[in-house]
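Working notes for the structure below.
The values are calculated or read from the model by the stated rules, or taken from the named source; none is laboratory data. All figures in this text were calculated on a predicted structure; none of them were measured in a lab. Here the Cβ positions follow ideal geometry from the backbone for every residue, glycine too, while neighbour counts run over all protein chains shown. Only protein heavy atoms, including side chains, enter the accessible area calculation; ligands, DNA and RNA are left aside. Shrake-Rupley method; radii C 1.70, N 1.55, O 1.52, S 1.80 Å.
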Amino acid sequence: MKKRYLILEDGTIFQGWAFGADRASVGELVFTTNMVGYVETLTDPSYCGQIILQTFPLIGNYGMMEEDFEGEPLCLGYVVKEYCRRPSNFRCQYDLDTFLKAHGIPGLWGVDTRELTNRIREYGVVNAMLTDRIPEDFDEISAYSVRGAVEQATCREIEEYPAQGEEKYRVVLIDYGAKRNIVRSLTARGCRVTAVPAHTSAEEILALNPDGIMLSNGPGDPAENVACIETIRRLVGKKPIFGICLGHQLLALAMGGRTMKLKYGHRGGNQPCRQVGTRRTYITSQNHGYAVAADTVPGGVESFVNANDGTNEGMDYPELRAFSVQFHPEACSGPKDTNSLFDRFADMMKEECSHAAE
């Protein structure tokens, strides 16, 4: 077995064993608490520029299935306590090591992931390097930052997805790094989905004559995407809008609000979110390092809050036929209760079509 090191920006070194791609990598080290779903995690474009640390100790036991991929893998590394070399699953196409090698992602196993998680929770997200040789200085690690992530994650050209069954609505999905399950959730409700690159102008989007506009998830600092924010500002009020994750943050910024970086983010399938004004709490899937400062958003009404730390998880804009959530209602981490938010979006488009017919 070949040794590999995880080096934190403060100089702390963790020694383990190499798997995956045979190369060094520097990225932002973040942890996810998912017990299952590592296939979806590794292929989630929202991890662009980051090294993923799995808190669950055994990873790879059911192999890799391309049907479950959420997008193009853009993470820069993968750290686990133990990885399974011989997966057992009738759907398995190949093992985890083969996947990582094919996509140029270096992996590390055999380190104390619990200690690493505790360190991140205590001190916050840190930069890190995966390498087979310890460098003389750590300047490259401390200087790293995630930049231009949306440009890396967005689609390169317009992509069309037909509705499942009868076509009822036409949706333009602005792709900031969209997960495929968002498309599946829309097409299952009779939506023909037109996915457009993140840099598409408001005029080009409206020229497609959609019944609704979907703002997708995506990676990086939301405030960095100045052009995307301006595009959304010019779309608000023109058509029904539904935003998820980064789309939620960009919509709030377009409305004049602010976002903030969280100490270590919310990443996992067990994040509790309380619906404001009710006693209802939902267990949700999340992957984000930034949050909306709800009290800074003009005209916005807070709809969900995180039951752990009280941060914002959703906003409604009733006068503008727009709403958004920080969590992922399209994910299937367990209960599918929040999947009904797609039904709400469909109802808004139905009303839009009714007004257009009058």
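Suppose we keep only residues that are polar (S, T, N, Q) and surrounded by fewer than 24 Cβ atoms within 10 Å (Cβ to Cβ) within region 205-263. Which one would you say is nearest to N287 (Cα to Cα)? Can you show your working first?
Of region 205-263, the ones polar (S, T, N, Q) are 209, 216-217, 225, 231, 249, 259.
Okay, now just the ones that are also surrounded by fewer than 24 Cβ atoms within 10 Å (Cβ to Cβ), so 209, 231, 259.
On the way: N209: 31, T231: 24, T259: 15 Å.
Among those residues, the one meeting the criterion is T259.
Here's a check for you: in region 2-12, which residue that is in a loop (DSSP other than H, G, I, E, B) and not small (G, A, S) is least open to solvent (accessible area, probe 1.4 Å)?
T12
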Does R156 satisfy the criteria of being in contact with a helix residue (DSSP H, G or I) (Cβ under 6 Å, 6 or more places away or on another chain) and modelled with pLDDT of 95 or more?
no
For E352, state whether it is out of contact with any strand residue (DSSP E or B) (no Cβ under 8 Å at 6 or more places or on another chain), of a type in the set (D, E, K, R) and more than 16 Å from L186 (Cα to Cα).
no
Take the residues of region 264-274 that are surrounded by 16 or more Cβ atoms within 10 Å (Cβ to Cβ) and in contact with a Phe, Trp or Tyr (Cβ under 9 Å, 6 or more places away or on another chain): which is farthest from G37 (Cα to Cα)?
R274
Taking only pairs six or more apart or across chains, which ones have beta-carbon atoms under 6 Å, a first residue in region 221-249 that is modelled with pLDDT under 95, and a second residue that is β-branched (V, I, T)?
none
Members of region 13-56 that are in a loop (DSSP other than H, G, I, E, B), over 26 Å from Q152 (Cα atoms) and at pLDDT 95 or above:
T55, F56
Give me the pairs: first residue in region 307-321 and of a type in the set (V, I, T), second residue surrounded by 18 or more Cβ atoms within 10 Å (Cβ to Cβ), beta-carbon distance under 6 Å, and six or more apart or on different chains, which are they?
T311/A291
Selection from region 1-26 of residues closer than 19 Å to P219 by Cα and out of contact with any Gly (no Cβ under 6 Å at 6 or more places or on another chain) yields V26
So A331 passes all but one of these: (1) modelled with pLDDT of 95 or more; (2) under 20 Å from L186 (Cα atoms); (3) touching a Lys or Arg at 6+ places or on another chain (Cβ under 9 Å). Which condition number does it fail?
(1)
Would you confirm, using the coordinates I've provided, whether M35 is open to solvent by 40 Å² or more (accessible area, probe 1.4 Å) and among the aliphatic types (A, V, I, L, M)?
yes
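Mind checking which residues of region 158-181 are more than 21 Å from the chain's Cα centre (by Cα) and surrounded by 15 or more Cβ atoms within 10 Å (Cβ to Cβ)?
Let us first name the residues in region 158-181 that are more than 21 Å from the chain's Cα centre (by Cα), namely 160, 162-170.
Answer for region 158-181, where residues must be more than 21 Å from the chain's Cα centre (by Cα) and surrounded by 15 or more Cβ atoms within 10 Å (Cβ to Cβ): A163, K168, Y169, R170.
Would you mind stating whether E66 is free of Cβ contacts under 8 Å to residues at least 40 places away in the same chain, open to solvent by 10 Å² or more (accessible area, probe 1.4 Å) and under 21 Å from the mean Cα position of the chain (by Cα)? Don't jump to the end; show me each part of the working.
Details: free of Cβ contacts under 8 Å to residues at least 40 places away in the same chain: yes; open to solvent by 10 Å² or more (accessible area, probe 1.4 Å): yes; under 21 Å from the mean Cα position of the chain (by Cα): yes.
Criteria met by E66.
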Filter region 45-63 down to residues that are touching an Asp or Glu at 6+ places or on another chain (Cβ under 7 Å), touching a residue at least 40 places away in the same chain (Cβ under 8 Å) and open to solvent by 10 Å² or more (accessible area, probe 1.4 Å), then give me how many there are.
2
Hey, does region 191-199 have a residue that's of a type outside the set (S, T, N, Q), touching a residue at least 60 places away in the same chain (Cβ under 8 Å) and in contact with a strand residue (DSSP E or B) (Cβ under 8 Å, 6 or more places away or on another chain)?
yes
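Quick one: which residue in T187, T200 is hydroxyl-bearing (S, T, Y) and closer than 18 Å to L251 by Cβ?
Working: T187 fails: closer than 18 Å to L251 by Cβ.
The unique qualifying residue is T200.
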